[in-house]
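Here the structure comes first, spelled out in structure tokens, and everything after it is commentary.
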Amino acid sequence: MREIDIFYNTFNARHLNPEEVAETFIWSDNFEKLIQNNHSVVLGARGCGKTTLMKMLTIPALRSWDNLNDSRISASIKFFAIYISTDIYWDVKNQVYSSQLEKFGSFSQLVSEFSVNTNVFKSVCQTFKEVIALSDLEGKTEKELELCKLLIVAWKLPGTIPTLDYIIDALNLRVDMVNQMIQGLIFNYKDASDLPNDDFFKLSFESSLEYIIPVFQRIFKVDLKKKWAFCFDELEFAPNWLQKKLFGSLRSRNQIILYKLSASPILPKELEELIFSEYGPTPGNDLQIIKMWGSKKNEDFSKRLIDSIVRKKFPNLSAESFFGTNSIYNRQPNSYIQGSDFYLQMVQLLKKDKSFEIFLKENGVDISKPLPENDSQKDTLFRKIKPIVYFRNFYLKTKKEDVNATKGRGRKTSELYFGLEVLKKVCDGNPRWLIGLVTAILSRSEDAKADSRIQFDELLSTSKRFCNVIENIPINRYSKTTFKQLLTKVGKYFEDQVLGQTFHMDPRGTFIVDVGNSVSADHVMEILEKGVSQGAFIPVDPTDDEFDFKIEGKRLKLSYLLCVLFKLPLRKYPEASLKDILQGKSKSTELDDPESQLRIF
């Protein structure tokens, strides 16, 4: 298995059934938005938890989760969810190699539509079974028989036993039959008369469901106030025709059907004209957009998730007691008093960093006793420079007369990257990365306290794996810029801002995408778009009420997971121009600790 598959498939909700997803599910603001009785579009990078949210809408997931939580949650959701994983409907097309179908014209489209329809129908049958199981009606067997006779006719399934299980079997058999049909066509095609023209190729899941769902409601006396939400997951992998159909349906006036869609942050440009047309869906009116990044509550979600994982191994421990606290990011009130760890960091840095001395003097701080004069100065100056002081003091060379004293401390990079505060930040709210990282640390921790060195080792290992994955993402073969080159340019620029010759209170740590118009610029934009989809670059200050079809003009930051490799604090800082970053040269910073010479790729 390729490293990219190993990295992304670890703790992947796609491979878990709904009951398994519910075992580790943590309530979030995004889920609260998703369960509203309206159309929704969930946008986010790969691994950010879109699939978990979508599967948690299903009856099995909610029932399993309710066993551990409040049973009123299911009752509060005003729709039945039908989960449909996009990658499933590539089965037929992938098995017959799509390029070999191109010579048959529109038949390739028919195969794609057939694949989608079949998997929607199977998902509908599964959800019908789950709803029936909840019902306390008498005569369920007879009612299922009545329903299935209608389904067999509607979906053109001759010779099928009228039960939902057998209908699913018949749909699977038809998939196999179509595969064989297409294989024969590829090798024995003579003229257009050989093209299959079976009636089931003419089915449409939309019109079929508008007929079938009211029939089901009538037969099983289902609450007519409840709608049916079709949850199409990971639409970035879906064919263009399906994306257009679904996004075009977000303004649907059908009173019983909702659409819950998930996709990558940057939508295909082919959808832009459709959505911005006079009859396109309007966020806030026709649907709700849920963006899975940039939320101020991501750290709260991460803490609750970390707590739940830790307590599975150590039931009586909190996440903070197990991982410890990091002085760089915690807000302990005694951080700014004489003799505190931060105070000592400043005193040490003053001995080896003339630019820091100049900075403090310019801001009216007594360098013989660097303490805030009042709360205002503590908030506007000392709190802001705290991470920069720690990082510069750690990485910058000491003066010759201080070398022995510094070596005697036995300083380790783990001094910077450990603790609950770091774990809450470093995965940017991405549950898949966080579960993998925390689980790995726990597996190496026998005591009720995670060693800071183990925390850093696992964090560094995860960061390197992520970099290797990114480096192997396919891009335009004519591009003169690679993922590795772009990441290194950006990372080294920010590193120089933090560790360069001059002390900056507000170093540049984000960038505005402004590469202009050229072939090389197009290649950079392609890398950035794919990087955003993979979570390597993360939009800053998102607006939840609009779709994004391009990243030009957007403000981005490096994933905090990558910041570990570039020796950067886990903080958002003011923006630079990407054009300046690509054209500029970062000064190399000499480091006094061999361990910090980390290989980026």
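The values are calculated or read from the model by the stated rules, or taken from the named source; none is laboratory data. Just so we're clear, the structure is a prediction, and the values are computed from it rather than from any experiment. Reconstructed Cβ throughout: ideal geometry from the backbone, glycine too, with neighbour counts over all protein chains shown.
Tabulated data for the structure shown
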quantity: Close pairs from region 371-397: first in the same structural domain as Pro333 (by TED's automatic domain parsing), partner small (Gly, Ala, Ser), Cβ under 7 Å, at least 6 apart; calculated: Tyr395/Ser596
quantity: The one condition in (1) in contact with a helix residue (DSSP H, G or I) (Cβ under 7 Å, 6 or more places away or on another chain); (2) assigned to a loop (DSSP other than H, G, I, E, B); (3) over 29 Å from Glu299 (Cβ atoms); (4) not hydrophobic (A, V, I, L, M, F, W, C) that Lys484 fails to fulfil; calculated: (2)
quantity: Some residue of region 275-293 being touching a residue at least 60 places away in the same chain (Cβ under 8 Å) and within 30 Å of Phe322 (Cα to Cα); calculated: yes
quantity: Index of the failed condition, Val540 passing every other in (1) closer than 20 Å to Val426 by Cβ; (2) surrounded by 19 or more Cβ atoms within 10 Å (Cβ to Cβ); calculated: (2)
quantity: Failed item in (1) in contact with a helix residue (DSSP H, G or I) (Cβ under 6 Å, 6 or more places away or on another chain); (2) of a type in the set (A, V, I, L, M); (3) under 30 Å from Phe25 (Cα atoms); (4) crowded, with 16+ Cβ neighbours inside 10 Å, with Ile435 passing the rest; calculated: (1)
quantity: Every pair of residues 6+ apart whose Cβ atoms lie under 9 Å, when the first sits in region 170-188 and is closer than 13 Å to Ser108 by Cα while the second is at pLDDT 80 or above and β-branched (Val, Ile, Thr); calculated: Val178/Val111; Val178/Thr118; Ile182/Val111
quantity: Single condition Pro214 does not satisfy, out of (1) closer than 25 Å to Lys78 by Cβ; (2) in a helix (DSSP H, G or I); (3) not assigned by TED's automatic domain parsing to the domain that holds Phe121; calculated: (3)
quantity: Counted residues, region 532-579 - those being under 23 Å from Glu458 (Cβ atoms), assigned to a loop (DSSP other than H, G, I, E, B) and touching a Ser or Thr at 6+ places or on another chain (Cβ under 8 Å); calculated: 5
quantity: Matching option when the condition is surrounded by fewer than 21 Cβ atoms within 10 Å (Cβ to Cβ), outside any helix (DSSP H, G or I) and out of contact with any helix residue (DSSP H, G or I) (no Cβ under 6 Å at 6 or more places or on another chain), among Ser461, Ser445; calculated: Ser445
quantity: Residue within region 121-139 that is touching a residue at least 60 places away in the same chain (Cβ under 8 Å), among the aliphatic types (A, V, I, L, M) and outside any helix (DSSP H, G or I) present; calculated: yes
quantity: Close pairs (6 angstrom Cβ cut-off, 6 or more residues apart or separate chains): without any contact (Cβ under 8 Å) to a residue 60 or more places away in the chain in region 24-42, of a type in the set (Phe, Trp, Tyr) and surrounded by 16 or more Cβ atoms within 10 Å (Cβ to Cβ) anywhere; calculated: Phe25/Trp65
quantity: Exclusive hit being under 22 Å from Leu151 (Cβ atoms) and either hydroxyl-bearing (Ser, Thr, Tyr) or not in a helix (DSSP H, G or I) (or both), set Leu258, Leu267; calculated: Leu258
quantity: Failed item in (1) under 26 Å from Ser64 (Cα atoms); (2) within 35 Å of the chain's Cα centre (by Cα); (3) at pLDDT 90 or above, with Leu134 passing the rest; calculated: (3)
quantity: Residue list for region 33-64, filter: surrounded by fewer than 20 Cβ atoms within 10 Å (Cβ to Cβ) and out of contact with any helix residue (DSSP H, G or I) (no Cβ under 8 Å at 6 or more places or on another chain); calculated: Lys33, Gln36, Asn37, Asn38
quantity: Unique match (being touching a His at 6+ places or on another chain (Cβ under 9 Å) and at pLDDT 90 or above) among Leu209, Leu258; calculated: Leu258
quantity: Of residues in region 393-436 being small (Gly, Ala, Ser) and at pLDDT below 95, the one farthest from Leu305 (Cα to Cα); calculated: Ala405
quantity: Qualifying residue in region 297-308 (condition: assigned to a helix (DSSP H, G or I), farther than 28 Å from Gly419 by Cβ, of a type outside the set (D, E, K, R) and under 22 Å from the mean Cα position of the chain (by Cα)); calculated: no
quantity: Some residue of region 488-501 being among the hydrophobic types (A, V, I, L, M, F, W, C) and surrounded by fewer than 18 Cβ atoms within 10 Å (Cβ to Cβ); calculated: no
quantity: Residues that are part of a loop (DSSP other than H, G, I, E, B) and among the basic types (Lys, Arg), drawn from region 20-67; calculated: Arg46
quantity: Enumeration of residues in region 309-330 that are in contact (Cβ under 8 Å) with a residue 40 or more places away in the chain and outside any helix (DSSP H, G or I); calculated: Phe314, Leu317, Gly324, Thr325, Asn326, Ser327, Ile328, Tyr329, Asn330
quantity: Residues located in region 430-462, provided they are touching a Ser or Thr at 6+ places or on another chain (Cβ under 9 Å) and small (Gly, Ala, Ser); calculated: Gly436, Ala440, Ala448, Ser452
quantity: Single residue of Glu278, Glu272 found to be in a loop (DSSP other than H, G, I, E, B) and of a type in the set (Asp, Glu); calculated: Glu278
quantity: Selection status of Asp223, part of a helix (DSSP H, G or I), surrounded by fewer than 13 Cβ atoms within 10 Å (Cβ to Cβ), on the phi < 0 side of the Ramachandran plot and charged (D, E, K, R); calculated: no
quantity: Top-ranked residue of region 65-74 - restricted to ones that are modelled with pLDDT under 70 and of a type in the set (S, T, N, Q), ranked as surrounded by the most Cβ atoms within 10 Å (Cβ to Cβ); calculated: Asn69
quantity: Contacts under 7 angstrom Cβ, first residue in region 455-467 being of a type in the set (D, E, K, R), partner in a helix (DSSP H, G or I), 6 or more apart; calculated: Glu458/Leu437; Glu458/Ala440; Glu458/Ile441; Arg465/Glu3; Arg465/Phe7
quantity: Test result for Ser335, of a type in the set (Ser, Thr, Tyr), assigned to a loop (DSSP other than H, G, I, E, B) and modelled with pLDDT under 95; calculated: no
quantity: Residue under evaluation Phe547, criteria (1) within 20 Å of Val469 (Cβ to Cβ); (2) at pLDDT below 90; (3) hydrophobic (A, V, I, L, M, F, W, C), criterion not met; calculated: (1)
